[in-house]
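Student: Mind having a look at this structure? Questions to follow.
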Amino acid sequence: MSVPVAAAIAAGSVVLALPILAASQLLVAGVQASNAADAAALAAADAVVGLVYGGTSEEPCELAHRIAAENRAELGECAVGPGVAEVRVTVRSRVGLFAVERHARAGPPE
């Protein structure tokens, strides 16, 4: 096999691998965003009904913001009602090309 053929095969492999890597990063960011949204919504709902362990004095949305940050997400929106919390979070992929947004609601069924 000649050097130009080997270089062409290597370049082709890289070109084919880049979209796969980008798609996998997008998938991972989506899962992280879903997990962060769920955790933040549950924490805020627990704070609304007084089930937060440790006697924290944080407001429900402050707690949701902290939980989202601990899960490497940014809290975009937070709304609380009687026993209910709804949040929207954003997670950026590791390479920073993608931002994935997810919404979660915690509380009794509607």
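The values are calculated or read from the model by the stated rules, or taken from the named source; none is laboratory data. As the structure is a prediction and not an experimental result, all values here were calculated from the model. Using ideal geometry, Cβ is built from the backbone for each residue, glycine included, and neighbour counts are taken over all protein chains shown. With ligands, DNA and RNA removed, areas are computed over all heavy atoms of the protein, side chains included. Shrake-Rupley method; radii C 1.70, N 1.55, O 1.52, S 1.80 Å.
Student: Hey, any idea what % of the range 11-110's accessible area is carbon plus sulfur with a 1.4 Å probe?
Tutor: On the way: 3640 of 6260 Å².
Here it works out to 58 percent.
Student: Work out the charge dipole of the chain with +1 on the Cβ of Lys and Arg and -1 on the Cβ of Asp and Glu about the Cα centre, then indicate which of Ala36, His103, Leu18 is farthest towards its positive end.
Tutor: Leu18
Student: What does the convex hull of the Cα atoms of the range 12-110 come to per residue, in Å³, rounded to a whole number?
Tutor: That works out to 90 Å³ per residue.
Student: I need the phi-derived Karplus couplings for the range 32-44: 6.51 cos²θ - 1.76 cosθ + 1.60, θ = phi - 60°, integer Hz, Gly and Pro marked x.
Tutor: Values, residue by residue: 4, 5, 4, 5, 5, 5, 4, 5, 5, 5, 5, 5, 5 Hz.
Student: Where does the chain land at 222 nm, in deg cm²/dmol rounded to the nearest 500, when only DSSP H runs of n ≥ 4 count, each adding -39500 (n - 2.57), divided by all residues?
Tutor: Helices in the chain give a 222 nm mean residue ellipticity of -19000 deg cm²/dmol.
Student: Only Lys, Arg, Asp and Glu count, each charged at its Cβ (+1, +1, -1, -1), so figure out the dipole size of the chain about its Cα centre, rounded to 20 debye.
Tutor: 540 debye
Student: Continuing with this model, one more query. By how many degrees, 0 to 90 and rounded to 10, does the Cα axis of helix 60-70 deviate from the longest principal axis of the chain?
Tutor: The angle comes out near 30 degrees.
Student: Could you do me a favour and compute the accessible area per residue for the chain, 1.4 Å probe, result in Å²? Before the final figure, lay out each step's value.
Tutor: Working: 7090 Å² over 110 residues.
That works out to 64 Å² for each residue.
Student: Once the principal axes of the Cα atoms of the range 1-58 are found, what is the range along each, listed largest first in whole angstroms?
Tutor: Cα extents, longest axis first: 71, 16, 13 Å.
Student: Show me 12-20, 61-69, 32-40 ranked by packing, highest mean number of other Cβ atoms within 10 Å first.
Tutor: 32-40, 61-69, 12-20
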